[in-house]
Each structure stands twice: as structure tokens, then as C-alpha cells.
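Just so it is clear, none of the values below were taken in a lab; they were calculated from the coordinates. Quantities reported herein were computed from a predicted structural model and do not represent experimental measurements. All Cβ positions, even for glycine, are placed from backbone atoms using ideal geometry, and neighbour counts span all protein chains on display.
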Amino acid sequence: MTENEPSYIALSRSNELDKRIEILNQMLSSCKLCPRECGVDRTIGEEGICKSGTKLMVSGIHPHFGEEAPLVGAHGSGTIFLTGCNLRCVYCQNYEISHLGIGEVITIEEIAKNMLRLQGIGCHNINFVTPTHFVPQLVEAIAIAVKDGLNIPIVYNCGGYEKVEIVRLLDGIIDIYMPDMKYGRPKHADKYSKAKNYPEINFKAVKEMHRQVGDLKLDDLGMAYRGLLVRHLVLPEDLAGSERIFRFLADNVSKKTYINIMDQYRPQYKAWEFTKLGRKPTNKEYNRAVELAKKVGLNRGVRYKADMTGCSICR
């Protein structure tokens, strides 16, 4: 195995991948794949918070050029957008997919074929977007695809609300973890995503992800092939609790963590029902978050927003 070779290839050779699939599939009959631990029997069509059964649903499969630069390169990130989500964010910008369940049923075999297709057209990685509730099926798809030549990194692009026990089962399967770190305070996680324990759960999961893959590693062309890449969306009036998140990363994970501090929050879905969420963050609020990150020693991926007057129209 070379340094850049995806680790799932070695797991496939040793049959460990099949063992993990068996363990994960058993969890579908009393689903505890995520921190919600709904306990529903998805094998007979019962649905929990994510509103998903055993059949995979996707809203799109294609090269994506809007991801972080180390994932995109010249040919894009091979994204597979899964329908459904285990979070209930009131400001979700993809609520039609995550909350309303818009998408199409697809078989595990078809997912595997699409992974190979994306690799064949030059995508630099396979990027599972919101995969948490479909982990067993996606790992099975990887096992099928690797036997037919899949050999590019797997990206686990998630909302960050992950059970550490499930993340451990992904050890050696996932090459690049890309979790959100949405909240530093339980009260806001509860109010805006119905997940009061989000910070506690998120911090544990991110620490485990880093234990497995380490800091983000780039090849000679600047493309990521292994490691942790964190996303943090700045919310108005510091509702995201940015400083606590940055301090956690610096003190408990790594100051070399690649973090994308995102400025694209816009009021969507039910955000208008919450006064503080009814506007974009100002440039001052965004740049303050950047300053906080740099203050604790986080520099990789961090950027400032142009110093312009912030939006006040939406107030």
C-alpha cells in the first residue's frame, strides 16, 4: 500500500470491509446509527428523524466545483447527494432534500457504478454528502466498487452529528472527513437544530475523525488525499459559538486543522420565524470569527472577507 492509496483497498483485500458491512447492516433493524438512536426497524419501513428506510435516496450525482479547493482541482469532486438528514436545522439551505425528502431511489449497485463513472471522468474523489443515515448501504457500495477498480479517496461530508461508535467502524474506510462544526453552545443547537447535545457529540466525533486520518494531506498537485477538513458556518450574532469551537480544535485536535470558515449563511426555510436568524452575518461578524480562529492558532484554510459594509436590509 502506497501513502496515497485509499485505505479501503487494504480493508477489502483482508475481508475486513465485509465484516464492517455485516455489523452496520444489523443496526438497521433497531436503528442507532446516529446520536438520535431512534430504535426504529428500518428493514420493515419504519422511519425515524431522518425519515429514511433501507433504500438509498439521492438528489444528485455529478462532479461538483463548489467545494474547497483541495477537493475540486481541475475535474471536480465526485459528489453523491443523499436525501434526508438527522438534523432539523431551521435555516437549512437544502431543506427540499434534507427535510422534504426530494430525491430518487437508487440501488446500492447503481451507487457503485456511479462511483466508478465519476472516477472514470476524472473526479478527484467520491464525496458522500449527508451520508450519516445511509452508512451501511454506502460502505457496501464501496465494497462493490473497489472490486471493479475504485481507487480514489472517499470523502465523508457530514453535518457533524455523528456517533463516535459509528465513526470508529469507518476507520480505514474513509480517507477524508469533512464534518460541520455548527454550534459551540447546547442551547442554540437545541433551538435551531433540535440537537441539544450537538456540541458534546460533535467534539467527540471530530476528535475521533482526526485520530484516524490526521491533518489534511495534499499531493504534489495540491489535491487532498487524506485527513480532516472542518467546516464552520458563521451565524449572525455569534449564534454558532465560534470561539468555543476554535479553541476546542486548537487545544484538543490540532492547530494544523484545515478549517473553512464559511460566510454564505442566508435566511432560508424557517429561519424567518426566528428574529436573530433573519439576516446575513455582517462582514464585521465574519471577520471577527476569522480573528478568533487565528488568535488560537488556526490558520489553514482561514480567510478574511473583504472589508465592506455588512448587510442591514434583512434586519
Taking alpha-carbon centroids only, region 26-78 lies from region 141-189 a number of Å equal to 10
Residue-ordered couplings for region 68-85, obtained by feeding phi - 60° into the Karplus form 6.51 cos²θ - 1.76 cosθ + 1.60 and rounding to whole Hz (Gly and Pro as x), are 4, 3, x, 9, 8, x, 8, 10, x, 8, x, 8, 10, 8, 8, 7, x, 6
A correct Karplus calculation of ³J(HN,Hα) over region 152-160, with 6.51 cos²θ - 1.76 cosθ + 1.60, θ = phi - 60°, whole Hz and x for Gly and Pro, returns 10, x, 9, 9, 9, 9, 10, x, x
Checked against the structure, the computed Rg and Dmax of the Cα atoms in Å among (i) 23.2, 84; (ii) 25.9, 103; (iii) 18.9, 59 is the one labelled (iii)
Listed residues 249, 221, 24; largest mean-square fluctuation, Gaussian network over the chain with Cα springs below 10 Å, found at 221
With label points set 7 Å from each Cα along the Cα-to-Cβ direction at residue 284 and residue 171, the distance between them in nm comes to 4.8
Residue 81 neighbourhood, Cβ < 14 Å, K/R = +1, D/E = -1, net charge -3
With Cα springs under 10 Å, the Gaussian network model of the chain assigns the largest mean-square fluctuation among 121, 173, 144 to 121
Looking only at lysines whose Cα falls under 29 Å of residue 194's and that sit 8 or more positions away or on another chain, we get 32, 51, 55, 163, 182, 204, 207, 270, 276, 280, 284
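Could you tell me which of rounded, prolate or oblate describes region 1-76, using a ≥ b ≥ c as the square roots of the eigenvalues of the alpha-carbon gyration tensor, with rounded for a/c under 1.5 and, failing that, prolate when a/b is larger than b/c and oblate otherwise? Write down the numbers at each step before the final one.
Numbers: a/c = 2.83, a/b = 1.39, b/c = 2.04.
Oblate.
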Listed residues 66, 76, 184; largest mean-square fluctuation, Gaussian network over the chain with Cα springs below 10 Å, found at 66
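Counting only C-alpha contacts under 8 Å and six or more residues apart, can you give the relative contact order of the chain as a whole percent? Could you put the intermediate results ahead of the total?
Details: 657 pairs, mean separation 47.3, N = 315.
RCO, the chain: 15 percent.
Does region 69-129 come out rounded, prolate or oblate by the C-alpha gyration tensor, with a ≥ b ≥ c the root eigenvalues, rounded set by a/c under 1.5 and, if not, prolate when a/b is larger than b/c and oblate if not? The partial results should precede the final answer.
Values: a/c = 3.34, a/b = 1.50, b/c = 2.22.
Oblate is the answer for region 69-129, as a/c is 1.5 or above yet b/c matches or exceeds a/b.
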Phi angles of region 39-49, converted by Karplus (6.51 cos²θ - 1.76 cosθ + 1.60, θ = phi - 60°) into ³J(HN,Hα) in whole Hz with x for Gly and Pro, give x, 6, 8, 6, 6, 10, x, 5, 10, x, 4
Hydrophobic long helices for the chain, i.e. whole DSSP H runs reaching 15 angstrom or more by Cα along the axis with Kyte-Doolittle mean at least -1.0, come out as 16-26, 108-120, 135-147, 198-213
